[in-house]
Amino acid sequence: MSTSIFSRIIDREIPADIVLETDRMIAFRDIAPKAPVHILVVPKTEDYANVVELAAGDPQLLAELVATAQQIAEEHANGEFRLIFNTGPSSGQTVFHVHAHVLSGALEEGSLGR
Ligand code: 5GP
């Protein structure tokens, strides 16, 4: 199985602006931000392609992901945030290693379906 771009960030093979890391999770700034705060929260495992698979396969890890999003919003914004999981190519998903977009502040016009 090919290694996802996010696994290459986790392995430090390609650089990223990492804002938080635990044993099971990593968070880094999106390379093409759509809002003043746009951080990706990514479970380190690439066993789950999207949030539906993660919810079915490891609900505790999904709960950890949501708690990580809250922590990021407290550290980088006012504690309030949008949490977006693109699921499937037609929804805009381009990386099939489950991840959440944590967004805070005004979204760019035309981004994320708005
Ligand atoms: P998706 O479209 O799958 O929901 O989200 C993938 C996100 O990953 C996109 O917002 C894209 O900008 C971001 N992205 C893709 N490649 C890289 C990268 O190499 N580094 C970082 N920091 N973000 C990336």
The number of residues in segment 1-26 that are touching a helix residue (DSSP H, G or I) at 6+ places or on another chain (Cβ under 6 Å) and within 20 Å of L62 (Cα to Cα) is 2
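For segment 24-57, which positions are acidic (D, E) and free of Cβ contacts under 8 Å to residues at least 12 places away in the same chain?
D47
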Expected single match for more than 20 Å from I5 (Cβ to Cβ), in a helix (DSSP H, G or I), in contact (Cβ under 8 Å) with a residue 24 or more places away in the chain and within 13 Å of the chain's Cα centre (by Cα) among A73, A67 is A73
Flagged in segment 1-32 as more than 8 Å from the ligand (Cβ to nearest atom), more than 15 Å from A100 (Cα to Cα) and of a type in the set (A, V, I, L, M), in numbering order, are M1, I10
If you go through T45, T3, the only one that is hydroxyl-bearing (S, T, Y) and out of contact with any Leu (no Cβ under 8 Å at 6 or more places or on another chain) is T3
Residues of segment 82-109 being open to solvent by 70 Å² or more (accessible area, probe 1.4 Å) and either within 10 Å of the ligand (Cβ to nearest atom) or in a loop (DSSP other than H, G, I, E, B) (or both), in sequence order, are P89, T94, F96, A106, E108, E109
Picked from segment 33-45 (must be more than 10 Å from the ligand (Cβ to nearest atom) and closer than 25 Å to G57 by Cβ), the residue nearest to the chain's Cα centre (by Cα) is V41
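The values are calculated or read from the model by the stated rules, or taken from the named source; none is laboratory data. What you are looking at is a predicted structure, and each value in this text was computed from that prediction instead of being measured. As a convention, Cβ positions derive from the backbone with ideal geometry for all residues, glycine included, and neighbour counts pool all protein chains shown. Please note that ligands, DNA and RNA were not included when accessible areas were found on the heavy atoms of the full protein model with its side chains. Shrake-Rupley method; radii C 1.70, N 1.55, O 1.52, S 1.80 Å.
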